[in-house]
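Undergrad: Have a look at this one before I ask anything.
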Amino acid sequence: MMIDMSHPRDLFMIGAIFGLAAFIWSGWAQEAPPKGLVFRIVLAGLGVAGFALAVPSILAAIGNWSEPSAFTTGTSAFTLYFIVFWAEVIIGAVASFFLIRVGQAENVAPLILAIVGVHFFALAVVFGQPVLHLAGLLLTVIAVVAFVLPSETAAPSFWCGILGAPVFLGIGLCCLLAGRSALSAG
């Protein structure tokens with residue numbers, strides 16, 4: 001099973017974070033989309049959908065905050081996550097600075113999306129959520145695709161947002177619904 005339903009609060013938080021991520025990435029994608037209003041409308045729709053996912057997920061997480069979480073300090077999974085998180089922050093900051101300095105600022109978006117994708121592999125271990133492995137795989141592949149697609153058509157940030165936001169929305173919605181289902185069954 002791709003979603004472990006033993007911690008509904010965690011599922012609500014995934015829905016909230018993924019909704020916000022879809023909102024943010026669809027906004028960043030507005031940087032330089034292909035010509036034509038349709039792309040801006042699609043990106044706006046993805047942003048609205050991300051916000052629409054985030055709000056009920058946040059409310060559900062707040063309403064169920066007393067429920068147990070897989071995210072506990074003092075475990076080896078938490079230590080792994082903590083190390084990976086700070087390594088990613090440092091690598092992302094240094095690599096972004098370098099890309100900007102050498103005149104390749106357009107590649108910051110795929111770099112950050114790749115780091116986010118790798119981040120989800122560590123989170124999958126911490127939360128015991130196999131669906132986060134899927135998110136990590138898809139987002140990392142999208143980051144690579146965004147890096148190699150011609151930037152003359154659209155900025156790499158466009159490709160990250162237009163392809164990444166639906167991944168965040170789909171997985172986030174599945175987690176929100178699974179969390180609700182787990183609470184109603186329990």
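The values are calculated or read from the model by the stated rules, or taken from the named source; none is laboratory data. Because the structure is predicted, anything quoted here is derived from the model rather than measured. Neighbour counts are summed over all protein chains in view; Cβ atoms, including those assigned to glycine, are modelled from backbone coordinates with ideal geometry. Side chains are part of the model used for accessible areas, which takes the heavy atoms of the whole protein and leaves out ligands, DNA and RNA. Shrake-Rupley method; radii C 1.70, N 1.55, O 1.52, S 1.80 Å.
Undergrad: For the chain, what is the accessible area per residue in Å², given a 1.4 Å probe and the full set of protein chains?
TA: The answer is 50 Å² per residue.
Undergrad: Taking just the alpha carbons, could you work out the radius of gyration and Dmax for the chain, both in angstroms?
TA: Rg, Dmax (Cα atoms, Å): 17.0, 55.
Undergrad: How large is the helix-only mean residue ellipticity at 222 nm for the chain, computed as the sum of -39500 (n - 2.57) over DSSP H runs with n ≥ 4, divided by its residue count, in deg cm²/dmol to the nearest 500?
TA: -27000 deg cm²/dmol
Undergrad: Please identify every one of the trypsin sites (Lys or Arg not before Pro) in the stretch 1-66 that sits in a loop by DSSP and has no more than 11 other beta carbons within 10 Å of its own beta carbon.
TA: Answer by residue number: K35.
Undergrad: OK, next. Over the chain, what is the relative contact order in percent, taking alpha-carbon pairs closer than 8 angstrom and at least six residues apart?
TA: Taking the mean separation of contacting Cα pairs over the length of the chain, I get 39 percent.
Undergrad: Now for a separate question. Suppose the chain between M2 and S184 were pulled fully straight at 0.36 nm per residue; how much longer would it get relative to their current alpha carbon spacing?
TA: Extending this stretch completely gives an extra 63.6 nm.
Undergrad: What percentage of the solvent-accessible surface of the chain, computed with a 1.4 Å probe over protein heavy atoms, is contributed by carbon and sulfur atoms?
TA: About 76 percent, which is the carbon plus sulfur part of the accessible surface.
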